[in-house]
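Following: one structure in structure tokens, then a few remarks.
No lab work stands behind these numbers, since they all come straight from the coordinates. Keep in mind that what you see is a predicted model, and the values were worked out from it rather than measured. Positions of Cβ are generated from backbone atoms using ideal geometry, with glycine treated the same way; all protein chains shown enter the neighbour counts.
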Amino acid sequence: MRDVLLASRKVHVVAHVSPDCDTIGSQIALNALLRALGVDVVMHNVDAVPRICRYVPTSELITSGKDFSHLSDCDTIVSVDAGSFSRLGLPKSYVQGKKMVNIDHHASNTHYADINKVDARYCATGAMIYDLIQACDVSLDATMASAIYAAVVTDTSSFRNITTTADTHRMVAELLDAGADVAQASQEIYQNFRKERFDLLRDALDSLTLEHDGRSAWIAVPCHLYEASGMTGEDSEGFIDYARSIAGVRIAVFLREESPDCWKISVRGVPPYDVGRLASALGGGGHQYAAGCTMHGSFQQVRQQVYDAVDACLQS
Ligand SMILES: [Mn+2]
């Protein structure tokens, strides 16, 4: 992969749609690595950088939107943290004739690129970029460290997920030595919410119900509540953790209505309940214990379909 990148005229590094800190942090760290290697590189995504990642240095260099004309001189595209081609929101015509590299840690990754660097053992794609930086013998700078820290702290749910290992903590020690600022990251990512988010959270928690004798927990937010609070999908990031944190719950489900009758479903599971498979069966994907899908229909229809899938998963 290193040789392909070095041989490129210009590399377009791209994050997935509805970007999170892992995809943006990976994008920024990879951009910095390629620059350090002397490769011409540009960062562009279909969707804008979410507020919580904007503190990471060089995030302001990321352009967004559906106009790709300024990328016409790119001959290589590297996607980060995207499990399928559709997650990039890129038109097929744009990709045609370009070399594509896919760096990702989703178990459900469809290996859609020419070169696929996919490893579901990693806690975050950012940690894969960290290893790539080491493999390229480039020394970690503060931008890379800050970006990878943002990726890892969020994708591990602040080092609480079972994907967190001793290696994760050793890497984080190196990131801090190289200039990642824990206090700043905590402030920007976890202590910088608007009050309206909590109005939305109150409504979301109003919908919290338990099923399967307390083994599954459910939260749903219809789109009119987002409109009423002026909030968007990125503001309800983490709501599912409340459902997941109830004693006895094995599977947590969050249903978010993105637009009328279009539902974004997030699912979290406790081992051995493989919600990645559950989400794949519903047309989505993700990790073994954190996954999601998009479904169309009324709330009742969608909830019933997800309920049946959770039912089957809990019995497996
Ligand atoms: Mn990730």
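Applying 1/(1 + (r/R0)^6) with R0 = 25 Å to the Cβ-Cβ distance of L37 and D114, what FRET efficiency is obtained, to the nearest 0.05? Walk me through the numbers before you get to the answer.
Details: r = 19 Å, r/R0 = 0.78.
About 0.80, to the nearest 0.05.
Please work out how much length the chain gains when fully extended from A166 to Q300, using 0.36 nm per residue of separation minus the C-alpha to C-alpha distance, in nm with one decimal.
Once the chain is fully extended between A166 and Q300, it gains 43.9 nm.
Nearest 20 debye, what's the magnitude of the dipole of region 195-315 about its Cα centre given +1 on Lys and Arg Cβ and -1 on Asp and Glu Cβ?
Values: 11 positive and 17 negative charges, 77 e Å.
Dipole magnitude for region 195-315 comes out near 360 debye.
Within 10 Å, count the other beta carbons around each residue, average over each peptide in 270-278, 239-247, and list them highest first.
Details: 270-278: 18.6, 239-247: 16.9.
Put in order of decreasing packing, that is 270-278, 239-247.
Could you work out how much longer the chain between I246 and R194 gets when fully extended? Use 0.36 nm per residue separation minus the Cα distance between them, nm to one decimal.
Details: separation 52, 0.36 × 52 = 18.72 nm, distance 2.52 nm.
Length gained between I246 and R194: 16.2 nm.
Any chance you could check the Cα centroid distance between region 118-139 and region 195-240 for me, in angstrom?
Centre-to-centre distance over Cα atoms comes out at 34 Å.
Could you please tell me the mean projected area of the C-alpha convex hull for region 51-153, averaged over all directions and given in square nanometres to one decimal? Walk me through the numbers on the way to the answer.
Details: hull surface 29.4 nm².
Quarter of the Cα hull surface area: 7.3 nm².
Run the quick spin-label model on A7 and A173: label points 7 Å from Cα toward the beta carbon, then report their separation in nm to one decimal.
Inter-label distance under the simple model: 3.9 nm.
Please state, as a whole number in µm²/s, the translational diffusion coefficient that the Stokes-Einstein equation yields for region 119-225 at 37 °C and 0.692 mPa s, with Rh defined as the Kirkwood radius across alpha carbon pairs.
Numbers: Rh = 16.2 Å.
D, rounded to a whole number, is 202 µm²/s.
Tell me, what is the Rg over Rh of region 195-315, with Rh the Kirkwood radius over Cα pairs?
Numbers: Rg = 13.3 Å, Rh = 14.1 Å.
Checking Rg against Rh, the ratio lands at 0.94.
Which value does Rg/Rh take for the chain over its C-alpha atoms, Rh per Kirkwood? Intermediate values should be presented prior to the final figure.
Details: Rg = 19.4 Å, Rh = 20.1 Å.
Over the Cα atoms of the chain, Rg/Rh equals 0.96.
Bins of 5 Å, beginning at zero and ending with the bin holding the largest distance: percent of Cα pairs per bin for region 2-190, please.
With a bin width of 5 Å, the distribution comes to 1, 8, 19, 23, 22, 16, 8, 3, 0.
Which order do the peptides 135-143, 32-40 take when ranked by the mean count of other beta-carbon atoms within 10 Å per residue, highest first? If you can, show how the numbers build up before the last one.
On the way: 135-143: 14.9, 32-40: 17.4.
Sorting 135-143, 32-40 by mean packing, highest first, produces 32-40, 135-143.
Using only helices, what value at 222 nm comes out for the chain when you add -39,500 (n - 2.57) per DSSP H run of length 4 or more and divide by the total residues, to the nearest 500 deg cm²/dmol? Can you show the working numbers first?
Working: 12 runs with 120 residues, N = 316.
So the calculated ellipticity at 222 nm is -11000 deg cm²/dmol.
Roughly how many debye, to the nearest 20, is the charge dipole of the chain about its Cα centre, given +1 on each Lys and Arg Cβ, -1 on each Asp and Glu Cβ, and no other charges? Before the final figure, lay out each step's value.
Details: 27 positive and 39 negative charges, 67 e Å.
For the chain, the charge dipole is close to 320 debye.
Work out how much length K66 to E234 would gain on full extension: take 0.36 nm times their residue separation and subtract the Cα-Cα distance, in nm to one decimal. Walk me through the numbers before you get to the answer.
Details: separation 168, 0.36 × 168 = 60.48 nm, distance 1.99 nm.
Net length gain for the segment: 58.5 nm.
Just tell me which lysines come within less than 23 Å, Cα to Cα, of K117; anything on the same chain fewer than 8 places away is out.
Reachable lysines: K10, K92, K98, K99.
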